[in-house]
Amino acid sequence: MPLRHFLLALAVVAIWGSNFVVIKYALHTLPPMTLAVLRFSFALVPACFFLRRPAVDWRNLAGYGVLIGVGQFGLLYLAMRSQISPGLASLVVQTQVFFTLLLAVRIRKEKVLGTQWLGLALAAGGVGIIASHTDGTTTALGVTMVLAAAFSWACANLLTQRAGRIDMLAYVVWSSAFAVPPLLVLAWLIDGPQQMAAGVLAADLGTWAAVLWQSVGNTLFGYGVWSWLLARHAAGRIVPMALLVPVFGMGSASLLLGEPLPAWKLIAAALVLAGLAINLFGPRLLQLRLGPARD
């Protein structure tokens, strides 16, 4: 992976990690499905007037929009309202890495190298340490909902690969058109019209800034760049970078929300970083050590 691609992926996961604190802040005022509606509405408008629809099948666009909008963030916002803490949510949703790799092997017949499996095993150890230290702020329902959100994200990853080398920013923008209608229906059914109106009326500048951060920073930049990278690299190279999201998530939660960082969290973060390093650089270092293949 070129260095500039690596730095782009790192910027995306830093935004995604810190975004869990922003989500929690917005949910203090806005009901979860209403927040999702606003997020994808602002991702769609006004950008859709400046970006042409990408040359991809409508079914692909619709599938991606529903999977990311309803499947990932609809479920994530519902869970984060009261069923799971921001730090743990940033961790559990990264099981999408494992879902994506398994789907890629099963459906796309991609090959995952042994060093990549080793890296994922180390990272999984870090995930296991964090998951074993849950507290009363997290419920089984919340974990299940975030796992379902992770699976939706994994399915969306495969759709972006199938879309090929297109304008990925336009892809993310136009797919939002398919996320908004079902989210609006769910907001009406789950949040209720009174809570929807009350949340919007009570929103202050900080809340609207959080919504715009969801739309511009997290959706347009984050998913636009992520989809662009997935269209150019195998899932086994790009997707494991998302394992850094809980590291940024825990760090921002500690800094902004005062969540503690005990030794077990630091050990878990070290395992995740080690797994990521092996996954990204292990194959190249092994090739350098063994030398070029001979006829």
Study note, to complete from the structure: For the pair LEU256 and ALA148, the simple spin-label estimate (label points 7 Å beyond Cα toward Cβ) gives in nm 2.7 nm
Exercise for review: For ARG232 paired with ALA11, estimate the spin-label separation in nm (one decimal), with each label point 7 Å from Cα along the Cα-to-Cβ line.
Suggested key: 1.2 nm
Study note, to complete from the structure: Expressed in angstrom and rounded, the centroid-to-centroid distance over alpha carbons for the stretch 1-75 and the stretch 123-177 is 11 Å
Check your understanding: Which order, highest average first, do 255-264, 17-26 follow once you tally other Cβ atoms within 10 Å for each residue and take the mean per peptide?
Key -> 17-26, 255-264
Exercise for review: Extending each Cα 7 Å along its Cβ direction at ARG162 and ASP204, get the distance between those two points in nm, one decimal.
Suggested key: 4.6 nm
Check your understanding: Does the stretch 155-276 classify as rounded, prolate or oblate by the C-alpha gyration tensor (a ≥ b ≥ c root eigenvalues; a/c under 1.5 gives rounded; else a/b over b/c gives prolate, otherwise oblate)?
Key -> oblate
Point to revise | Percent RCO, i.e. relative contact order, over the stretch 3-290, from Cα pairs under 8 Å lying at least 6 residues apart | key: 41 percent
Review point. What residues qualify as long-range amide H neighbours of GLU259, i.e. H under 5 Å apart, gap of 5 or more or another chain, H built at 1.01 Å from N?
Key: SER254
**Study point:** Whole-percent pair-distance distribution, where bins are 5 Å wide, for the alpha carbons of the chain
**Key:** 1, 6, 12, 17, 19, 17, 13, 8, 4, 2, 1, 0, 0, 0, 0
Point to revise | Sorted by Cβ density within 10 Å, fewest first, the residues TRP213, TRP188 | key: TRP188, TRP213
Revision key, fill the gap. Net charge near SER227 (other residues with Cβ under 14 Å of its Cβ; Lys, Arg +1; Asp, Glu -1) is +2
Practice item. Starting with the fewest neighbours, write out VAL180, VAL12 ranked by other beta-carbon atoms found within 10 Å of each beta-carbon. Key: VAL180, VAL12
Point to revise | Sum of side-chain charges, PRO246 neighbourhood, beta-carbon under 13 Å (Lys, Arg +1; Asp, Glu -1) | key: 0
Point to revise | Sorted by Cβ neighbour density within 10 Å, fewest at the top, the residues VAL143, VAL93 | key: VAL143, VAL93
Revision key, fill the gap. Ranking PHE40, LEU212, LEU169 by how far each Cα lies towards the positive end of the charge dipole of the chain (+1 on Lys and Arg Cβ, -1 on Asp and Glu Cβ), the top one is LEU169
**Study point:** Spatially proximal lysines relative to LYS265 (Cα-Cα < 29 Å; intrachain offsets below 8 disregarded)
**Key:** LYS24
Revision key, fill the gap. Between the alpha carbon centres of the stretch 191-227 and the stretch 229-253 the gap in Å comes to 22 Å
Check your understanding: When Lys and Arg each count +1 and Asp and Glu each count -1, what net charge do the other residues less than 15 Å away from VAL12, Cβ to Cβ, add up to?
Key -> +3
Review point. How large is ³J(HN,Hα) for each residue in the stretch 62-79, as worked out from phi by the Karplus curve 6.51 cos²θ - 1.76 cosθ + 1.60 (θ = phi - 60°), to whole Hz, x for Gly and Pro?
Key: 5, x, 5, x, 5, 5, 6, x, 7, x, 7, 7, x, 5, 5, 5, 4, 5
**Study point:** Prolate/oblate/rounded label for the stretch 1-142 (Cα gyration tensor, a/c 1.5)
**Key:** oblate
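Assign one of three labels to the stretch 80-210, namely rounded, prolate or oblate, based on the Cα gyration tensor with a ≥ b ≥ c the square roots of its eigenvalues; rounded applies when a/c is under 1.5, prolate when it is not and a/b is larger than b/c, and oblate otherwise.
Details: a/c = 2.45, a/b = 1.32, b/c = 1.86.
Since a/c reaches 1.5 but b/c is at least a/b, the shape of the stretch 80-210 is classed as oblate.
Coordinate-derived values only; no laboratory data. Only a predicted model underlies this, so the values are computations on that prediction, with no experimental measurement involved. Counting neighbours? That spans all protein chains shown, and the Cβs are built from the backbone with ideal geometry, glycine included.
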